[in-house]
Protein chains: 2
Amino acid sequence: MKRSDRLVAITNYLIENPMKLVSLPFFSTTYDAAKSSISEDLTIVNKVFKQEGMGYLKSISGAAGGVKYIPEHSLDNSKKFIDDLCKRLEDPSRLLPGGYLFMSDLLGEPSTVRNIGKIFASEFSKLEIDVVVTVATKGIPLAYAVASFLNVPVVIVRRDPKVTEGSTVSINYVSGSSRKIQTMILPKRSLHEGAKVCIIDDFMMAGGTINGMKDLLKEFNAQVKAIGVLVEAEDEEEERVVDNYTSLIQISNVNVKNNKIKVNKGNFLGKS
Amino acid sequence: MKRSDRLVAITNYLIENPMKLVSLPFFSTTYDAAKSSISEDLTIVNKVFKQEGMGYLKSISGAAGGVKYIPEHSLDNSKKFIDDLCKRLEDPSRLLPGGYLFMSDLLGEPSTVRNIGKIFASEFSKLEIDVVVTVATKGIPLAYAVASFLNVPVVIVRRDPKVTEGSTVSINYVSGSSRKIQTMILPKRSLHEGAKVCIIDDFMMAGGTINGMKDLLKEFNAQVKAIGVLVEAEDEEEERVVDNYTSLIQISNVNVKNNKIKVNKGNFLGKS
């Protein structure tokens, strides 16, 4: 293969296989080129990836070495993207009873979801996450987006036991906002002991659901290394029960009566 | 930008924006190169994409013209992938009460989900789909994978009305397998009139759920152009109520008592 062809093929391979260590001999054999040529290809790819703000190639030397594509969402790109999301969320017609926000349209856009996933994955890429955990239903697309960039599996906590899961572990927890006792379950075979976990969800008020997930994960001896939520909402009546989380957007002063809402950047970018 | 750099950048741009018409002037401006050079770049990219079995570039001529990346999963790649999935599903320990199959581990792997999505997207890419519809919960990751390659939004039908959706349209339907009456809902603002829809789900027995979705979509005057299910299961007691679907895998002769299961290719590849 010629250099120009190889650059296209290698770029595609790396994008499709983020966080995967690929040996030089693999590229050398697959694209029928000398290792030195492959090295030069990778230098070009790395330079352009950095320029485009999409991450970089990490070289690991030694016999078991190779190269690993670490996806990143550059801070500039992230700022622009979050600003834009904030603007879209400010629309008062999004306000729903109970202080919730209609976001299904945004969360239905694959490219928006992919960008959110890339931001969290950049942030958590050094934590050696083994698995991304979310709770049904709305967090699921975000969790898959994060997981696809971290190249790890997704595990879904459910609120209703389903026959199709086999035996499960369950806990009861108190929902922060409604003060109701709810149940969460996770299939027994879904997590291995001591797994390093990152929790992803779309929305957090007091944090009761995420706290419930943490309790459930304790039953599997999992280590919660990171928590990422797209939107956190301040609730004046309820104290937050979760700390150490990353939020992209924060909403406050929700006033359903006056159809008002205040949308700020979350703690990922710092308050504006 | 030099050709070698442009090839990396253009490849990345096209992969991140499938099914999107991109004008030559856009590339020309973004990467600071003559249109003739960009044309040559695109010829190289197209050739390698085809070689790698990942799709092709469609050129649209005229003033509003440009180039569109049509993702494809080559038949060879699809065969290999489905064969491999069949082998993994044959494991009798996957059998669950009621003739269901434990698939959460497979559906938790982002790369597996992405491949399944790419196969369906290849199959449906000419149907001008406006939106991918699925039902919570297990179909969601598959639906997003399909949608990301078709570059269209996802809409999720739910079985439980949630406060965070605003006003909804609901129908009752009879579940094929359990003969119970169930409810399905879709937020009013989720679909526009006459939308061309593709339904994606992970599992289909008699097809009652998918039939329910079709009925619900009628309320929105949506046109169901395609139905894709990962696994269809033959149910001897129940006649199938859905036709014109694409399945990747078919299971039959499920015998929970004897821990036996037969896994075949679905109608996408023809019966083996």
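The values are calculated or read from the model by the stated rules, or taken from the named source; none is laboratory data. Source: prediction; values computed, not measured. We place every Cβ from the backbone using ideal geometry, glycine too, and count neighbours over all the protein chains shown. These accessible areas exclude ligands, DNA and RNA; they are computed on the full protein's heavy atoms, side chains included. Shrake-Rupley method; radii C 1.70, N 1.55, O 1.52, S 1.80 Å.
Overview of results
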quantity	calculated
Reduction of at least 40 Å² in accessible surface, 1.4 Å probe, comparing all protein chains with the chain by itself, residues of the stretch B:16-57	B:Glu16, B:Val48, B:Glu52
For chain A, calculated [θ]222 nm from helices alone, where every DSSP H run of n ≥ 4 adds -39500 (n - 2.57)	-10500 deg cm²/dmol
Partner lysines for A:Lys87 [C-alpha distance under 19 Å; skip if fewer than 8 residues away on the same chain]	A:Lys79, A:Lys260, A:Lys262, A:Lys265, A:Lys271
In the A-B interface, the accessible area buried, summed over both sides, Å² (probe 1.4 Å)	4400 Å²
Using θ = phi - 60° and Karplus 6.51 cos²θ - 1.76 cosθ + 1.60, couplings along the stretch B:87-102 (whole Hz; Gly, Pro as x)	4, 5, 7, 5, 3, x, 5, 7, 5, 10, x, x, x, 7, 10, 6
1.4 Å probe, heavy atoms, protein only - residues of the stretch A:83-125 losing at least 30 Å² accessible area vs chain alone	A:Leu96, A:Tyr100, A:Phe102, A:Gly108, A:Pro110, A:Arg114
More than 22 Å apart - percent of Cα-Cα pairs taken over chain B	61 percent
Cα centroid separation, the stretch A:64-131 to the stretch A:166-221 (Å)	22 Å
Label distances, nm, A:Lys79 versus same residue in remaining copies, Cβ-directed 7 Å point	5.3
Solvent-accessible area per residue for the stretch B:75-271 (1.4 angstrom probe, square angstrom)	43 Å²
Prolate/oblate/rounded label for the stretch A:3-71 (Cα gyration tensor, a/c 1.5)	oblate
Heavy atoms of A:Lys265 accessible to a 1.4 Å probe, total area in Å² rounded to 10	50 Å²
Label 7 Å beyond Cα on the Cβ vector: A:Arg179 copy-to-copy distances, nm	4.4
Hits among aspartates and glutamates - C-alpha to C-alpha of B:Lys20 under 17 Å, sequence gap 8 or more where chains match	A:Glu109, B:Glu72, B:Glu128, B:Asp130
Helix A:140-150 vs. chain A, principal-axis angle (Cα, 0 to 90°, nearest 10)	30 degrees
Global geometry of the protein assembly as shown, whether rounded, prolate or oblate, following the gyration tensor of its Cα atoms and the 1.5 cut on a/c	rounded
The protein assembly as shown - percent of accessible surface contributed by carbon and sulfur, probe 1.4 Å	46 percent
Label distances, nm, A:Gly53 versus same residue in remaining copies, Cβ-directed 7 Å point	3.6
